[in-house]
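Worksheet: the structure to be examined is printed underneath.
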Amino acid sequence: MKVLKFGGTSVGSIENIKRVKEIIVDGGEKIVVLSAMSGTTNALVEISELIKRSAIIEALGKVEVLQHKYVEVSNDLFETNSLKQDVENYCSQIFNFLKECTSENHTELLYNKIVSRGELLSTFIFTKYLNQEGINARLLPALEFMRIDKTNEPDDFYIKQNLQRLIENTPPADIYITQGFICLNAFGQIANLERGGSDYTATIIGAITKAEEVQIWTDIDGMHNNDPRFVENTHAISNLSFDEAAELAYFGAKILHPQTVMPAREANISVRLKNTLDPESYGTLISKGFKGEGIKAIAAKDSITAIKIKSARMLQAHGFLKKVFEIFEKYETSIDMITTSEIAVSLTIDDDKNLVSIVEELEKFSTVEVDNQQSIICLVGHLVVRHHETHRLFKVLQDIPVRMISYGGSNNNISLLVNTKDKITALQRLNSYIFDFEIV
Ligand code: ADP
Ligand code: ASP
Ligand code: MG
């Protein structure tokens, strides 16, 4: 059995929905995980924001615009009036629900309910479309098996039991379709795996069902060696180890949700990244073995806060770092990068929810400086630290102020912290210093 996930663009137009059908009808047993059609989750987030600001007329207007789009999809995709009617009835229920939401108080739960509708729509429409095409496909509602626990980790035991039961109680099918991204929380309320979370749904299901392989189908031919949104002439990397892919996803390569690799690594299930628009291209295979040495790819993660904590005697005052770390632990804030000197420690966090309290506590025994709008640039590969070409990255220091460097923490990763305004230039320069030897 394989698990195939198709992202927003892959199900974002009639043409692409038809491509997805061609890709999945190869006779093999599979679970297909779908995202919302592209643009839908963003529109739902905006609707939720408008409700939060009590801009009800605007929110209703946005719901109407979105509904209109789905009426068009239904008209273009379905051939019989009865199928069109089925789909329109389902869509009407969803859009009436969204209209009712505009008169409710805004809460996190309301947001979660609103953003969950995108995947409910795409999976219903796609399953009906497959049925129209004579394919025995059935929907497995994610809200009947996908759950996270109190620490927001997948509740594997619950997921396994409920998914198994659901499959047993569903008439046999060649293809099972389910929603990515959405789930229940530990209290049984609607929640989600955060933006881009359908990738994570796919590897969670893959690990639990011991799938032969997980495939993530998107709009690009695999993991590129740099961010193609900011750097020209990037190229797909054929093979990555789980560790390399995990670092790239965690440090900002948008093609994968940050947690995607973890379940696959634990269960040793390969993940293949493929392009829906060019299914013949090889893509990227993420698997256990290491292949190649040196820096393979660069990614960047924004919205980082750097905190410098100074004390008159830091290193000799043993227990200082322990005191610092205990504060971050107390506020459940994880640290990404860290560098130290005799009198100061600098570290970075990406979640500044508790920053004010953290700083207040640190200031009881040190001087604290905070810099927002920083970006971590992460260089990933195998044996990157001792590879003979690695020194090239230090050339970037002559062009860009680098705030921190983390070197030697692992064999897979070297990280630099720069001001976000310098990020694109840093990515471009690093690209030419490291991958494009002609220009150096
Ligand atoms: P989907 O909707 O299929 O989940 P995403 O938009 O989440 O697709 O991810 C694919 C996009 O990720 C690509 O179109 C590309 O712009 C962006 N991206 C950022 N960094 C990388 C990278 N290193 N390799 C490939 N794509 C990347
Ligand atoms: N639809 C969700 C989002 O846009 C989840 C996903 O696409 O993976 O974030
Ligand atoms: Mg995505």
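The values are calculated or read from the model by the stated rules, or taken from the named source; none is laboratory data. Treat the numbers as computed from the prediction; the structure is a model and nothing was measured. Here Cβ is always computed from backbone atoms with ideal geometry, including for glycine, and neighbour counts include all displayed protein chains. Note: accessible area is taken over every heavy atom of the protein model, side chains too, but ligands, DNA and RNA are not part of it. Shrake-Rupley method; radii C 1.70, N 1.55, O 1.52, S 1.80 Å.
Annotations for the structure displayed:
- Across the chain, the relative contact order, built from alpha-carbon pairs under 8 Å that are at least six residues apart, equals 13 percent.
- Global form of region 292-440, assessed from the alpha-carbon gyration tensor, a/c cut-off 1.5: prolate
- For region 61-77 and region 230-274, distance of Cα centres in Å: 34
- When each of the peptides 296-308, 112-124 is scored by how many other beta carbons lie within 10 Å of its residues on average, the order from highest to lowest is 112-124, 296-308.
- Point-charge dipole on Cβ atoms (K/R +1, D/E -1) for the chain, about Cα centre, debye to 20: 580
- Cα gyration tensor shape of region 67-200, rounded if a/c is under 1.5, else prolate or oblate by comparing a/b with b/c: oblate
- Surface share of carbon and sulfur [accessible, 1.4 angstrom probe, percent] for region 132-226: 46
- Among 171, 188, 366 - extreme Cα towards positive end, dipole of the chain, charges at beta-carbon: 366
- When the convex hull of its Cα atoms is projected in every direction, mean area for the chain (nm²): 23.3
- Label-point separation, residue 72 to residue 135 (7 Å along Cα→Cβ), nm: 2.4
- Counting lysine pairs in region 1-124 whose alpha carbons fall under 13 angstrom apart, excluding pairs fewer than 8 residues apart on the same chain, gives 6.
- Remark: region 134-252 carries 42 Å² of accessible area per residue (probe radius 1.4 Å; ligands, DNA and RNA excluded).
- Order by protection proxy (mean Cβ within 10 Å, highest first), peptides 422-432, 278-288, 217-227: 217-227, 422-432, 278-288
- For region 370-440 versus region 161-192, the gap between their alpha-carbon centres in whole angstrom: 42
- Peptide packing: for 357-364, 180-187, the average count of neighbouring Cβ atoms within 10 Å per residue gives the ranking 180-187, 357-364, highest mean first.
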